[in-house]
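The values are calculated or read from the model by the stated rules, or taken from the named source; none is laboratory data. Model, not experiment: these values are computed from the prediction. Cβ placement follows ideal geometry from the backbone for every residue including glycine, while neighbour counts extend to all protein chains displayed. Surface accessibility is based on the protein's heavy atoms, side chains included, excluding ligands, DNA and RNA. Shrake-Rupley method; radii C 1.70, N 1.55, O 1.52, S 1.80 Å.
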Amino acid sequence: MSQKTWGGRFAAPTDRLVEQFTESISFDQRLYPQDIRASQAHARMLASVGILTPAEAERIVAALGEIRADIEQGRMEYSTALEDIHTHIEAALIRRLGDLGRKLHTGRSRNDQVVTDVKLWVRDSIDELDGLLANLQRAFLSLADRERDVILPGYTHMQRAQPILAAHYCLAYVEKFQRDRERLIDCRKRVNVLSLGAAALAGTSLPIDRHFVAKELGFEGVARNSLDVSSDRDFAAEFVFCLSLIAIHLSSWAEEWILWTTTEFDTIELPDEFCTGSSIMPHKKNPDVLELTRGKTARVVGHLQHLLVLLKGLPMAYNRDLQEDKPAIFDAFDTVSRTVAVAAPLVAKAKFKRERIAERLENGFLDATSLMECLIANGVPMRTAHESVGGLVRECESKNCRLVDLPAERWETLLPGKASVVFRILGVQNAMKAFQSYGSTAPTQVDQQLAAWREMLKENSDQVA
Ligand code: ARG
């Protein structure tokens with residue numbers, strides 16, 4: 001008899017090249033825990049509806065547990081002749097239980113089995129990544145707490161713009177990773193719908209109980225349309241999109257810190273244990289972790305493209321093309337989760353170069369916008385104030401001085417009789433104190449945000465490296 005689960009219809013054995021071309025065992029092996037879990041739930045359900053006896057179901061459940069142990073101890077022999085993880089496990093079950101093992105696949109197909117396994121895997125991965133992202137947020141929060149008082153130049157167009165508190169900067173990343181977590185949790189809702197029971201595409205004439213299986217596996221809903229669900233990989237594309245956006249957040253952060261470690265910026269010091277050296281230049285301390293964070297984003301975004309293009313031309317319902325979803329999903333997750341895991345301790349141990357930042361803080365007119373707002377607050381129309389301060393900046397540039405160094409007549413011309421108010425605003429320290437709007441870098445606002453985040457991220461806070 002053929003080893004194949006579908007051998008009955010065929011007179012000739014499969015060509016070896018075809019076996020090698022169509023296999024997925026080389027990459028779907030890692031679905032074994034999910035496959036076994038789903039099969040155990042399926043067997044219990046078959047007993048609950050009387051297709052198996054309770055004793056038969058228990059023998060199947062126990063044998064599947066033994067097969068899991070075999071796989072974990074390296075005792076499973078993999079062969080391309082058996083195609084994928086589902087057939088490997090079923091074949092192992094039949095070797096153990098004979099005809100009883102041949103009953104497990106009743107009322108299901110690999111088409112609904114594989115998507116169930118992948119959903120279980122994605123669900124676990126989302127939960128794992130949520131924990132990793134929370135740790136990364138805690139790392140940014142600890143950096144924010146440690147460097148709360150450092151004032152950084154904030155940039156737009158990579159030009160010095162306005163002063164910001166280092167804590168405000170760090171919390172901007174906490175917010176981004178919070179949205180990433182929320183997106184994953186939202187994606188999880190669509191992942192957490194049972195596909196099993198769609199069978200090949202149309203459902204089954206056997207009296208299966210899909211709600212029983214959903215409950216066993218912790219799915220919150222049962223997919224309503226068998227045709228839709230056996231062809232659905234939206235959840236996979238959505239998951240990899242969520243991963244792509246995390247990767248992009250990490251990548252632009254990495255790019256920023258790579259710049260900040262340069263002699264030109266001289267703004268941040270990375271921990272030695274997260275940097276690498278040069279084999280020829282003895283002085284080098286390279287930010288390779290950050291560069292690879294940026295570089296690996298290309299793979300993740302590539303995987304999103306891979307999935308979208310994979311799906312674009314597929315007619316209803318299952319097509320073998322769908323087997324190609326897994327390498328993209330797995331590698332996107334592995335890449336992002338490893339990146340988040342290494343980013344957290346790097347962030348937690350990084351230090352702003354306070355003195356170097358402070359020495360250059362008065363360069364670049366970081367107080368110009370606050371000066372303009374001071375004029376506005378004292379009755380000057382906004383456009384007039386903008387133009388006047390623009391002119392003063394031009395004057396400073398020609399004299400190579402700061403706004404605060406300009407002669408007193410300038411302020412008297414701008415604000416007759418109340419020129420002294422500008423000295424409460426000029427200089428970066430003063431400009432910083434002037435902020436007050438909700439969500440701004442105003443120290444009181446930032447302190448409120450810090451307190452709120454400390455509370456939100458409190459759980460398991462010992463996990464931060
Ligand atoms: N290895 C396949 C996959 O990953 C399982 C489904 C195969 N189904 C089929 N009808 N040939 O998609």
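When only alpha carbons are used to place a centre, the stretch 9-35 and the stretch 113-137 end up 26 Å from one another. Look at where the Cα atoms of the stretch 40-105 and of the stretch 246-277 average out, and the two centres are 50 Å apart. Just to check I understand the Karplus step: with θ = phi - 60° and J = 6.51 cos²θ - 1.76 cosθ + 1.60, what whole-Hz values come out for the stretch 189-201, glycine and proline as x? Each residue of the stretch 189-201 in turn: 4, 7, 6, 8, 10, 5, 9, 4, x, 5, 6, 5, 6 Hz. Projected label points at Lys215 and Asn363, each 7 Å from Cα along the beta carbon direction, are separated by 7.0 nanometres. Sequence-ordered 3J(HN,Hα) estimates for the stretch 32-44 from the Karplus curve with 6.51, -1.76 and 1.60 and θ = phi - 60° stand at 4, x, 5, 5, 5, 4, 5, 5, 5, 5, 4, 5, 5 Hz, glycine and proline given as x.
Quote the FRET efficiency, to the nearest 0.05, computed for Thr276 versus Arg356 with a Förster distance R0 of 22 Å and r equal to the Cβ-Cβ distance. Walk me through the intermediate numbers first.
Numbers: r = 23 Å, r/R0 = 1.03.
Calculated transfer efficiency: 0.45.
On a per residue basis, the chain carries 49 Å² of accessible surface, using protein heavy atoms and a 1.4 Å probe.
Model label sites at Thr384 and Ile248, defined 7 Å from Cα along the beta-carbon direction, differ in position by 4.4 nm.
Neighbours of Gln445, meaning other residues whose beta-carbon lies under 14 angstrom from its beta-carbon, give a summed charge of 0 when Lys and Arg score +1 and Asp and Glu score -1.
Kindly identify the stretch 1-85 as rounded, prolate or oblate by the Cα gyration tensor criterion: order the square roots of the eigenvalues as a ≥ b ≥ c, call it rounded if a/c is under 1.5, otherwise compare a/b with b/c, prolate if a/b is larger, else oblate. The shape class here is oblate. Placing pseudo-labels 7 Å out from each Cα toward the beta carbon at Ser26 and Asn286 gives an inter-label distance of 3.1 nm.
Under the convention that each Lys and Arg Cβ holds +1 and each Asp and Glu Cβ holds -1, the size of the dipole of the stretch 260-379 around its Cα centre is about 360 debye. A simple count of charges around Leu314, restricted to other residues whose Cβ falls under 14 Å of its Cβ and scoring Lys, Arg +1 and Asp, Glu -1, yields -3. For Lys399, the lysines whose Cα comes closer than 28 Å to its Cα, not counting residues fewer than 8 places off in the same chain, are Lys418, Lys433. The string of couplings for the stretch 54-66 from the Karplus curve (6.51, -1.76, 1.60, θ = phi - 60°) is x, 5, 5, 4, 5, 5, 5, 4, 5, 5, 4, x, 5 Hz, one whole number per residue in order, with x for Gly and Pro. Please determine, in degrees from 0 to 90 and to the nearest 10, the orientation of helix 368-377 with respect to the longest principal axis defined by the Cα atoms of the chain, where the helix direction is its Cα long axis. Long axis of 368-377 versus the principal axis of the chain: about 70 degrees. For Asp70, neighbours were defined as the other residues whose beta-carbon sits under 15 Å from its Cβ, and their charges (Lys and Arg +1, Asp and Glu -1) total -1. The 1.4 Å probe gives accessible areas that order His306, His88, largest first, as His306, His88. In this calculation the C-beta distance from Thr156 to Asp228 is compared with R0 = 35 Å, giving a FRET efficiency of 0.15.
Distance check, please: which entries in Lys103/Lys215; Lys285/Lys351; Lys4/Lys119; Lys119/Lys326 exceed 20 angstrom between their Cα atoms? Each step should come with its number before you reach the end.
Details: Lys103/Lys215 22 Å; Lys285/Lys351 15 Å; Lys4/Lys119 25 Å; Lys119/Lys326 11 Å.
Checking Cα-Cα distances, Lys103/Lys215; Lys4/Lys119 exceed 20 Å.
How high is the relative contact order of the chain? Use alpha-carbon pairs under 8 Å, at least six apart in sequence, and give a whole percent.
Working: 607 pairs, mean separation 74.5, N = 465.
The value is 16 percent.
One chain, two ends: Arg9 and Lys418. Fully extended at 0.36 nm per residue, the span grows by 137.6 nm beyond their Cα-Cα distance.
How big is the gap, in Å, between the Cα center of the stretch 203-234 and the Cα center of the stretch 328-385? Computed from Cα coordinates, the inter-centre distance equals 48 Å.
To the nearest 0.05, what FRET efficiency results for Glu395 and Gln436 with a Förster distance of 30 Å applied to their C-beta separation?
0.55
Which whole-number percent of Cα pairs in the chain have a distance greater than 38 Å?
Above the 38 Å cut-off, the chain has 45 percent of its Cα pairs.
Projecting the Cα atoms of Phe219, Ser279, Gln436 onto the dipole axis of the chain, where Lys and Arg carry +1 and Asp and Glu carry -1 at the beta carbon, places Phe219 farthest toward the positive end.
Surface composition of the chain: carbon and sulfur atoms hold 53% of the protein heavy-atom accessible area at a 1.4 Å probe. Stokes-Einstein, applied to the Kirkwood radius of the stretch 351-398 over Cα pairs at a viscosity of 0.692 mPa s and 37 °C, places its translational diffusion at 271 µm² s⁻¹.
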